[in-house]
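Below: one structure, written as C-alpha cells.
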Amino acid sequence: MQAQQQAAQLRAQEIQLKAQADLQSIQAQGQIDMQLLQMRQQLDGQVQMAKLQASSQLSMADKNFRMQLEQEKDDRKDSRVDKQAVAQSKLISQRKGVRPELNDVETRDIVKELMQR
C-alpha cells in the first residue's frame, strides 16, 4: 500500500514538475515574443525616420534645383535684355549722333561711360 502511495506521489510530483517546466517555457517564450515585438517596433520607427529624412533631403534638393534653374533663367533673360539695350543704344546713337553708343556688355565699363556724359 505504501509503495502504491509513494508511486502515486512520485507521479504527482513528476506531473507537477512537468507542469512547472511547461509554464516556465511558456513564460520564457512570451518574454522572447515581447522582446521581438519591441525590437520590430524600434526598427520600424528607425525605418520611418530614415524615410522621412530621405524625403526631406529630396524635397530640399528639388527646391534648390528649381531655385537654381529659375536663377539661371533670370540671368539669361537679363543677359538678353542687356544685349538688346546695347543694340538699341547703337541704333539710336547712329540716328541722332548725340551721345556715344553703349558698348557690348563684355567690354562695357560703366564708370567710364558715366564719366563721359
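If you take the residues of the stretch 65-117 that are surrounded by 11 or more Cβ atoms within 10 Å (Cβ to Cβ) and hydroxyl-bearing (Ser, Thr, Tyr), which of them is modelled with the highest pLDDT?
In this case the residue turns out to be SER79.
Just checking, how many residues over the stretch 11-36 are of a type in the set (Asp, Glu) and within 54 Å of the chain's Cα centre (by Cα)?
Looking only at that region, the number is 2.
The values are calculated or read from the model by the stated rules, or taken from the named source; none is laboratory data. All of these numbers come straight from a predicted model, not from anything done at the bench. For neighbour counting, all protein chains shown are included, and Cβ atoms are generated from backbone atoms with ideal geometry for every residue, glycine included.
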